[in-house]
Amino acid sequence: MTTTDAYVAVCKLAELEEDTPRRVEVDGTPVSVVSTGGDVFAIYDICSHANVSLSEGEVEDCQIECWLHGSRFDLRTGRPSGLPATRPVPVYPVKIVGDDVLVSVTQES
């Protein structure tokens with residue numbers, strides 16, 4: 001991983017499959033990186049309800065679904081859109097530099 005300011009290169013853009021979450025770790029923080037609808041998002045990879053990896057879930061309509069109980073989180077805001085989760089998860093800013101996907105976990109977007 002390469003660091004640029006507070007951003008860390010986590011993967012190549014070409015490595016991301018549309019609507020398929022990819023788990024990465026940024027400075028010890030688990031992050032799910034998702035390419036969907038022409039944009040790339042980074043969201044904290046742990047469900048606020050059940051403490052399981054969101055990157056194992058499915059992506060649809062700019063939301064990621066927790067595979068265990070079906071809570072869905074908006075990739076733009078981290079807010080849950082249905083029960084059982086009631087607390088949001090952090091989302092992080094993403095930069096694309098060339099073919100590199102960079103994420104900053106030092107600031108939430």
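The values are calculated or read from the model by the stated rules, or taken from the named source; none is laboratory data. Remember, predicted model here, so these are calculated numbers, not experimental data. Because the Cβ atoms are built from the backbone with ideal geometry, glycine has one as well, and the counts that use them run over all protein chains shown. Remember, those area values only see protein heavy atoms, side chains included, never the ligands or the DNA or RNA. Shrake-Rupley method; radii C 1.70, N 1.55, O 1.52, S 1.80 Å.
Okay, here's what the table says:
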quantity: In the range 80-104, the residues that are of a type in the set (A, V, I, L, M) and modelled with pLDDT under 95; calculated: 83, 85
quantity: Unique match (being at pLDDT below 95 and surrounded by 13 or more Cβ atoms within 10 Å (Cβ to Cβ)) among 9, 42, 50; calculated: 50
quantity: Qualifying residues in the range 25-39 (those that are under 11 Å from residue 92 (Cβ atoms) and open to solvent by less than 20 Å² (accessible area, probe 1.4 Å)) - the one modelled with the lowest pLDDT; calculated: 26
quantity: Residue identified as in contact (Cβ under 8 Å) with a residue 12 or more places away in the chain and under 29 Å from residue 86 (Cα atoms) among 40, 8; calculated: 40
quantity: Cβ pairs under 8 Å, 6+ apart, first in the range 49-63 and over 14 Å from residue 80 (Cα atoms), second of a type in the set (Val, Ile, Thr) and open to solvent by 20 Å² or more (accessible area, probe 1.4 Å); calculated: 52/46; 53/46
quantity: Residues that are within 15 Å of residue 30 (Cα to Cα), free of Cβ contacts under 8 Å to residues at least 60 places away in the same chain and in a strand (DSSP E or B), drawn from the range 65-109; calculated: 91
quantity: Qualifying residues in the range 53-100 (those that are of a type in the set (Val, Ile, Thr) and within 15 Å of the chain's Cα centre (by Cα)) - the one surrounded by the most Cβ atoms within 10 Å (Cβ to Cβ); calculated: 64
quantity: Output for the range 12-24, where each listed residue is open to solvent by less than 60 Å² (accessible area, probe 1.4 Å) and touching a residue at least 60 places away in the same chain (Cβ under 8 Å); calculated: 16, 24
quantity: Search result, residues across the range 14-33 that are hydroxyl-bearing (Ser, Thr, Tyr) and more than 9 Å from the chain's Cα centre (by Cα); calculated: 20, 29
